[in-house]
Amino acid sequence: MNSGYFKHIIRFIVLVLFQILILNNIKLNGYLNPYFYVLFILLLPFETPRWLLLLSAFLLGFSVDMFENTMGINIAACVLMAYLRPYVIRFVASKQDYEPGLEPCIRDLGFTWFISYSLILVFIHHFAMFYIEVFRFSEFLTTFYRVLGSTVFTMVLIIMSQYLFYRPRK
């Protein structure tokens, strides 16, 4: 088996377990819910075929939904995030900003690029997930505050992970 595939499978398992066992127990005042597992979609290589990207997102959302008992909310948010990922990549960077073999991470593309890319996608994921969960406009502002707070909390965790696990190349 290709070591690249193995790395992504291990990342998938570790992120889902970390989300289920640790982060799902962190709910600060009902507004801050970290959803760190979306890092899996963010870190998939640029060359990932669209069908594999969507299938991976579906399996990721399904894995989290099974343990959270949320009946498809995470699936919908993850698939939307994966569907919009190529458009966000084109929006954030020009074609010459990334080459084959580069990963979408701080180490390879820099802090500003990674923050722009991940912030947009994490916000899309959280927006879709929280509004599908509430499914009414009467709580629009309350839900929007949850989206913003959770997006910031998730981004802090993602940035910390980038500096902890992705060392600069020599």
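The values are calculated or read from the model by the stated rules, or taken from the named source; none is laboratory data. Since we're looking at a predicted model, the values are computed, not measured. So basically every Cβ, Gly included, is an ideal-geometry build from the backbone, and we count neighbours across all protein chains shown.
Residue check: is VAL156 part of a helix (DSSP H, G or I), under 20 Å from GLY72 (Cα atoms) and modelled with pLDDT of 90 or more?
For VAL156, the condition - part of a helix (DSSP H, G or I), under 20 Å from GLY72 (Cα atoms) and modelled with pLDDT of 90 or more - is not met.
Which number in (1) in a helix (DSSP H, G or I); (2) surrounded by fewer than 19 Cβ atoms within 10 Å (Cβ to Cβ); (3) not hydroxyl-bearing (Ser, Thr, Tyr) marks the one condition that GLY101 misses?
All conditions pass for GLY101, except number (1).
Would you please name the residue that is nearest to the chain's Cα centre (by Cα), looking only at residues in the stretch 102-118 that are more than 15 Å from LEU44 (Cβ to Cβ) and free of Cβ contacts under 8 Å to residues at least 40 places away in the same chain?
It comes out as SER116.
Restricting the search to the stretch 6-54, which residues are among the β-branched types (Val, Ile, Thr), under 23 Å from PRO86 (Cα atoms) and assigned to a loop (DSSP other than H, G, I, E, B)?
Within the stretch 6-54, just THR48 meets the criteria.
List the residue pairs whose Cβ atoms are under 8 Å apart, where the first residue sits in the stretch 129-146 and is under 19 Å from VAL79 (Cβ atoms), the second is among the aromatic types (Phe, Trp, Tyr), and the two are 6 or more positions apart or on different chains.
What qualifies is MET129/TYR35.
Within the set of pairs 6+ apart or on separate chains, which have a first residue in the stretch 13-24 that is under 11 Å from GLU68 (Cβ atoms), a second that is in a helix (DSSP H, G or I) and charged (D, E, K, R), and C-beta atoms under 7 Å apart?
ASN24/GLU68
If you go through the stretch 57-86 one residue at a time, how many are within 18 Å of ARG11 (Cβ to Cβ) and either in contact with a helix residue (DSSP H, G or I) (Cβ under 7 Å, 6 or more places away or on another chain) or outside any helix (DSSP H, G or I) (or both)?
Counting residues in the stretch 57-86 that are within 18 Å of ARG11 (Cβ to Cβ) and either in contact with a helix residue (DSSP H, G or I) (Cβ under 7 Å, 6 or more places away or on another chain) or outside any helix (DSSP H, G or I) (or both) gives 13.
What is the one condition in (1) closer than 14 Å to VAL38 by Cβ; (2) surrounded by 14 or more Cβ atoms within 10 Å (Cβ to Cβ); (3) out of contact with any helix residue (DSSP H, G or I) (no Cβ under 7 Å at 6 or more places or on another chain) that ASP108 does not satisfy?
(1)
Name the single residue that is nearest to the chain's Cα centre (by Cα) among those in the stretch 5-58 being under 24 Å from ALA93 (Cα atoms) and small (Gly, Ala, Ser).
Per the criteria, the residue is ALA57.
Would you please name the residue that is nearest to GLY149 (Cα to Cα), looking only at residues in the stretch 31-85 that are among the charged types (D, E, K, R) and either in contact (Cβ under 8 Å) with a residue 40 or more places away in the chain or surrounded by fewer than 16 Cβ atoms within 10 Å (Cβ to Cβ) (or both)?
Selected residue: GLU68.
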